[in-house]
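Engineer: For reference, the structure I am asking about is given below.
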Amino acid sequence: MTAIGLGLSASANLGINLALRDGGRWGPAVTWFGLAIGLYSLVALVAVLRRAVDSAVGLDLVTAVALVGTTTGVMAHALPSPGTWGSLTAYCALVLVGAGAGLRSPLIFGISTAVCLSCWVVFGIIFHVPAPLYFNLLPVIPLSGGLAVGFFLALGHERSVQAGLIDQLRLVADRDQLTGLLNRAGFHARASLLRETARQTRVGAWCAFVDVDHFKAINDDFGHDRGDAALCEVADALRSLITAGQIVARWGGDEFVVMGLGDPPSEETLTRELNARALAGSDLDGLPLVTVGVFAARPGEPWTPDVLLAAADSRMYQLRRGRVAPVGE
C-alpha cells in the first residue's frame, strides 16, 4: 500500500504541475511546491522498493507526508470554483480513505487526517465557496473520514491476526514437535543472544551435552512409541532443572544441549539429578539414563556456541567411553 500511495502521489503531482506550469492564482510557488512533493514521492518510492525504509513508522511517515502534501498542492493549484470544489471534495475523501488503508500508526493516521480536513476547510474559505454548496458537500468529508477509520481499524485487526499467525509459525519453526523443547534453529537464535549478553557483562559461559544411554535398546525392546516417551521424560527432566536465562534444546535423535552463563554445573551433580528425575517418570527398569558432558569458557574468553557445543560433545563421549571421570562439586 505504501508503494502504491507514493506512486500515485508522484505521478499526480508531477503530471499536474508539469502540464499546468502557471501555478494558478499563486504563481510559480505552487508549481514548485507540487513538483517538490512529486519528486519527494518518487524518491521515497525508490527508497521503499529498495528497502532503505522498512520500519512501520518510517513507512507511515513517508506516506503521510505524500498524502498531505498532495492534498495541499492540488487544492492550491486547482484554483477551485464552485464547479471544481465538488471534485476536490471527492479527491480529499479519497485521500482520507487512502490514509486509512495505508497507515499503521494511530497517531500518524490521526494527524494526517486532521491536516487533510483542515486543508479542505481552509481552502473552502479562501476560495469563497458558496455556503450552500459548501454545506451540501460537508457530509462527504465525515462519511469518508468514517470510512477511513473503518479501513484503518479493519486493516489493523488484519495485521494483528497476521502478526499472531507469524508468531505461531515462528514458534513451530523454533520448537521440536515431540518434546516441545527448542530445536537447532531455535537454539542457535537464542545462543547468539546469550553470547552477546556474555560479551557485554564479561561473564563465563558453559554448555552441557546430554546423550541418552542405550536408546537403541529402548526402541528395539519396547518399541518406538516407548522410545519417544523416554525422550519426553528426559526433556521434562531437563526442563525442570534449567533456571532463568538458560536455554535447553533437543539437538537431534537422543541428544540434548543446555547452555547458560556464569559458573558451570557439576557434571556429576547434573548427571545424578537428571537421571533421578528422568527415572521418576519412567516405567522402565533403570531406563532411561543419560551421560552428560560439560564444557565452560572463562569470563572474557572468546567463544561461539558451536565451539562450546563441540567441546561439550567431545567431553560427553570421553565420559561414555570411560576415558575420564565426571567432574564433581
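Engineer: Once fully extended, how much extra length lies between Arg321 and Asp228, figured as 0.36 nm per residue of separation less the alpha-carbon to alpha-carbon distance?
Structural biologist: Length gained between Arg321 and Asp228: 31.0 nm.
Engineer: Same structure, new question: Based only on other Cβ atoms within 10 Å, what is the fewest-to-most ordering of Glu196, Glu273?
Structural biologist: Glu196, Glu273
Engineer: Need one number for region 184-320: average projected area of the convex hull over its C-alpha atoms, nm².
Structural biologist: 7.8 nm²
Coordinate-derived values only; no laboratory data. Predicted model only: the values in this text are computed from it and were never measured. Neighbour counts run over all protein chains shown; Cβ positions are idealised from the backbone, glycine included.
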